[in-house]
Every structure is written in C-alpha cells, then in structure tokens.
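The values are calculated or read from the model by the stated rules, or taken from the named source; none is laboratory data. These figures come from a predicted structure and were not determined experimentally. In this analysis, Cβ positions are derived from the backbone assuming ideal geometry, glycine residues included, and neighbour counts consider all displayed protein chains.
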Amino acid sequence: MKKARILQNGIIKTVAVDPSGTPAAEPGHYQWLPATEGTYIGVALNNRPLMNRLAPSLQEAPYKTPPKTPVYFFKPVNTHNAHQGVIEVPADGETAYAGAALGVVIGKQARKVMQADAMQYVAGYTVVNEVSLAETSYYRPAIKAKCRDTFCPVGPWVVSADSVDVTALTLKTFVNGELRQTGNTADLIHRVPALIEYISNFLTLEPGDLIITGTGLRDVALVAGDTVTVEIEQIGRLENTVVAEKGARA
Amino acid sequence: MKHATVRYQNRVYQATVDDANALTLSDGTRLNATDVTWLPPASGTIFALGLNYADHAAELDFKAPTEPLVFIKGPNTLTGHNQVSVRPDNLEYMHYEAELVVVIGKTAKNVRREDAMQYVGGYTVCNDYAVRDYLENYYRPNLRVKSRDTLTPIGPWMVDAADVADPHNLTLRTYVNGELRQEGSTKDLIFDVPFLVSYLSSFMTLNPGDMICTGTPEGLSDVQPGDLVEVEVEQVGRLANRIVSEAAYEQMLKENAA
C-alpha cells in the first residue's frame, strides 16, 4: 500500500497511490509534496563502503578514533522537497552531491523503544535524496553543506511497512538517465531497529518523523540542468531536476 | 510587548504578558502567571551556536572559531518555563547554558548584515543544557548531547525586538537554587545578531518563528536532581526550571498518563 501527500487546489491531501504510481487525485493539476512532514533525522557514517574509505583518516587528527555511537544530524524544514521538485545548487559553482538513502517514516510516538519492538513504530518507507555539498568534516555539523534550501527530496510516496522487507534492497542513482551509483541497504552499519532504539532513547520520535538511514560515498555530482533519480527497489523512484540557485546576493 | 504561548484548561493559547507578569489570553481572559502551563514561545527551526563567547571557548580550551559553529536542535528538546529537565542517571557532569535567543520575524534569504535586524521579531531566553559525559571528542556537538528530550527550556515569553534597545549589551545570569553561578554579557558575542541572521540566510531560508540560540559565556557548573535553575537575560526575561532524575521523570509521565 502506497500513500502520497499532494497539493491540489490549495489543499494538502494524503491519498492512495495505485500500482502504476498515480495518486488518487481529483482530475486536473496536482503537485507532489514531501512524502512525510515531521522532523528529519539523518545518520552520518552509516554505510560500510563509506566507512571503509574513511577508516584510515578517522584514526588521524582531529578524530583519532572512529565514533563510538551513531552520528546524527537534522535536515530542517527549509530543505524538505518533493518528487519532481527542483534542487537548487549553489550559483557560484560549488558542487552538490546526490545522497541516495532509505527513509523510515515513524507511525506512532516512540520513546525509549527497544530494538525488538522497534518495527511496530514504523509506518513505512520512502526514498530520500539527502543532497549535500562536499563533506570535508564529520566532526562538526556541516549545516552549510547539508541544510541548504531544497536539499532533501523525499518521496514520491510512503510504502507501508508490512508490504516490504528493507534488509537488502538495491539503491540506484541515475543522472540524466545514466546509472551513476549502486548501493544496498545491507550496507547499513546500524540497521533500522537499532537506529530506532538509539534515537528514541534520548529523542521522542513523533508520527511523521523521518529517519534517513545513511548515504554512501558522495560520488554523484549534480549540476544545473541535470535530472537526478534515486530508485530503491520495491519502494519507488524519486526524480528531481537541478537548477542554479536564484536570488543569490550580488 | 511580551508574547507567550500557554496551556490553560487543556487548550493552547497565545497570550500577552504585562509588566507584573499577568497574562491576557487571545480570547481576553485575564490570568496570573501561576494559572497556566508555559509552553515554548516560538515554533520553528532551532539553531544553536557553539563557542560564541571568547571566554567560554577558552574555558573549554578551544580556539575561538573563525566561522560560526552552528548546529540544529530538534523540537523534542524544547520545554517551557517552570517545567522540568531530566538529568540522566550515572553521569559525571551536566551543565546549564544561559543564552539569548533571537526569534525570526519574517522570511529571510540572502539578507545583508546591515539589513538583518529588520528580520528579527523578538528575543527570548533559553537554557541549552549539555551532558558532557556524552560528548565524543571530535564528533560533536552530537544530538545525544544537544537534542535530548526536555533539555532546552525556552521562554517564558518572547519580547518584541523593538523593546530591546541594544541586544549586544545585555547581562546574562544563571542562578542555581538562588546562587549566582554564571554571568556574562552579550557584548562579548563573537558573532553578533545581525551577522548570524545574515550568515544563516546566505545559504538557507529563515522562516518566522525560527530561533537562533546565540551561545553561552563562561561559568558552567554541574546541576543535580532537585536543583532549581534560573537563567536570565536582562530586558528579556527570567526562565526557571527544575532538574529531575530519570526515575522521577518516568513517575511524572506515568501519573500524567493515568
């Protein structure tokens, strides 16, 4: 079962999506909205290929040791974006990178939940493109790189948790139709139940909140004019166009 | 004018607060400060500054940053005036941080520093508690430290920007059980209010209700369950809250649910 949030005639609606990917909208124009609205929590350094590449540098200053607990960050509301929305990359040419990730949508309030019970709190799954400028530091919150307007498309829809097993799903990133990166949710270091336990231990998760489970290597550069698509098997295909940011201060 | 958000008889109201701290709800009802549950006075993205006072940076043995060190807190961490904050069990050190909070008044993107004060709607006070035991040396400030449930009291109210003549000359103080423990002045901010509004708006849109917690001066110390902690910013307000243990908090939640 798939559900999407759409805007039609000025009204925000949550509607079912049919197997062909068409939302149950009224006839006429509609716009996709971010598939969930709530607090978006990202998990950094949660991908094995990424950690394998970074491992040597995490032994050096300033880190000296890899993190003992998962490293989290927020994608605030100005970053929230939808299927077919526009990703605005810096006009000065600084490179933005795609960040394919499985998104976990919380279904009911979760506080101090144990891993064994965690899946009861999941409403479903969605596709996230956690866009970022180059990450030069993992020890300081890089909001300038990660929290730019439009930098977190989520959608097109949420697939209900009971209809999919997310332990080993392929993620693909395409730019202008060309396959540029492949990953798998099996590469997550901390998996979904563990993340819910860790996070809900100190932060009460609310219905609609989103956990962005972790992105891989930042290998896929996005430039104005591109169309970027992130696909997760059994979940969906999230497509966005890339433009140069407008209104930059002269 | 002071603006508050309060719960009264299971409903949430916007209210104004007079100089004697009496409230007038949006429906005209007049109430005393003790009649209501105080809620956070703003709602939006919460930014917080690390190391934004030179003395505090020195206290932590850090060089003052050359670019603002900004992180984001989740809405889960906010509580209102006269609420409780949980000190996790088996800790060495949890401390308060008195901070001036800037509340954005209108949408800001690519705002010049010289125009930035027009985008400030008002000011409030927060206590940006931190659990030092949970800092992992270079992966910080992490959410486990800075976005814990109940650990960011904010309020009691928002004061209109027009009522604060100079936000860069305000004394901040923290009292624990009535004893003065922390004192500083916003004149020592490394990155001042217009700089921060301009800086953040240079790469993201700020929306009305967004909050910028501007950082804390030196004078940190441990707080324990039972302590009454009050943080005060001159001309803005005095925010009180009490530290409780995990067990006491779990008991409170159980009673509230019953």
Across (1) within 28 Å of residue B:67 (Cα to Cα); (2) more than 14 Å from chain B (Cβ to nearest Cβ), residue A:155 clears everything bar (1)
Scan segment B:95-110 for residues that are crowded, with 22+ Cβ neighbours inside 10 Å and either part of a loop (DSSP other than H, G, I, E, B) or under 16 Å from the mean Cα position of the chain (by Cα) (or both) and jot them down.
B:96, B:97, B:98, B:99, B:100, B:101, B:102, B:103, B:104
Considering only segment A:140-177, state which residues are of a type in the set (S, T, N, Q) and modelled with pLDDT of 95 or more.
A:150, A:160, A:167, A:170, A:173, A:176
Residue that is surrounded by 15 or more Cβ atoms within 10 Å (Cβ to Cβ) and either outside any strand (DSSP E or B) or not assigned by TED's automatic domain parsing to the domain that holds residue A:234 (or both), where the choices are A:5, A:53
A:5
Tally the residues that are of a type in the set (Asp, Glu) and either away from chain B (no Cβ under 14 Å) or part of a strand (DSSP E or B) (or both), restricting the search to segment A:8-50.
2
Could you tell me how many of the residues in segment A:203-250 are in contact with a strand residue (DSSP E or B) (Cβ under 8 Å, 6 or more places away or on another chain) and either within 12 Å of chain B (Cβ to nearest Cβ) or within 23 Å of residue A:190 (Cα to Cα) (or both)?
26
Residue check for residue B:142: within 14 Å of chain A (Cβ to nearest Cβ), over 16 Å from the mean Cα position of the chain (by Cα), modelled with pLDDT under 95 and more than 24 Å from residue A:40 (Cβ to Cβ):
no
Quick check on my filter: what residues within segment B:69-89 are away from chain A (no Cβ under 14 Å) and in a loop (DSSP other than H, G, I, E, B)?
B:80, B:81, B:82
Please indicate, with yes or no, whether at least one residue in segment B:193-200 is in a loop (DSSP other than H, G, I, E, B) and in contact with an Asp or Glu (Cβ under 8 Å, 6 or more places away or on another chain).
no
Exactly one of (1) away from chain B (no Cβ under 14 Å); (2) among the aliphatic types (A, V, I, L, M); (3) within 13 Å of the chain's Cα centre (by Cα) is unmet by residue A:131. Its number?
(1)
Filtering segment A:72-96 down to residues that are in a strand (DSSP E or B) and surrounded by 21 or more Cβ atoms within 10 Å (Cβ to Cβ) yields A:72, A:73, A:74, A:80, A:81, A:87, A:88, A:89, A:96
Search segment A:69-87 for residues being more than 9 Å from chain B (Cβ to nearest Cβ) and of a type in the set (A, V, I, L, M), and hand back the single one that is farthest from the chain's Cα centre (by Cα).
A:86
Scan segment A:1-18 and report the pairs whose first residue is in contact (Cβ under 8 Å) with a residue 24 or more places away in the chain and whose second residue is of a type in the set (Lys, Arg), with Cβ atoms within less than 6 Å and a gap of 6+ or a chain change.
A:6/A:13; A:17/A:2
Selected residue (criterion: modelled with the highest pLDDT) from residues of segment B:12-70 that are buried (at least 21 other Cβ atoms within 10 Å of the Cβ) and polar (S, T, N, Q)
B:45
Condition test on residue A:187, is it more than 20 Å from residue A:117 (Cβ to Cβ) and either surrounded by fewer than 21 Cβ atoms within 10 Å (Cβ to Cβ) or not assigned by TED's automatic domain parsing to the domain that holds residue A:112 (or both)?
yes
Restricting the search to segment A:151-165, which residues are buried (at least 23 other Cβ atoms within 10 Å of the Cβ), more than 17 Å from residue A:42 (Cα to Cα) and among the aliphatic types (A, V, I, L, M)?
A:158, A:159
Being within 14 Å of another protein chain (Cβ to nearest Cβ) and touching a Ser or Thr at 6+ places or on another chain (Cβ under 7 Å) is the filter here; which residues of segment B:207-227 pass it?
B:207, B:208, B:209, B:210
Give the residue that is nearest to the other protein chains (Cβ to nearest Cβ), with candidates limited to residues of segment B:145-197 that are crowded, with 20+ Cβ neighbours inside 10 Å, out of contact with any His (no Cβ under 8 Å at 6 or more places or on another chain) and polar (S, T, N, Q).
B:147
(1) buried (at least 20 other Cβ atoms within 10 Å of the Cβ); (2) at pLDDT below 95; (3) in contact with a helix residue (DSSP H, G or I) (Cβ under 8 Å, 6 or more places away or on another chain) all hold for residue B:135 apart from (1)
Out of A:111, A:148, report the one residue that is within 14 Å of chain B (Cβ to nearest Cβ), among the charged types (D, E, K, R) and crowded, with 21+ Cβ neighbours inside 10 Å.
A:148
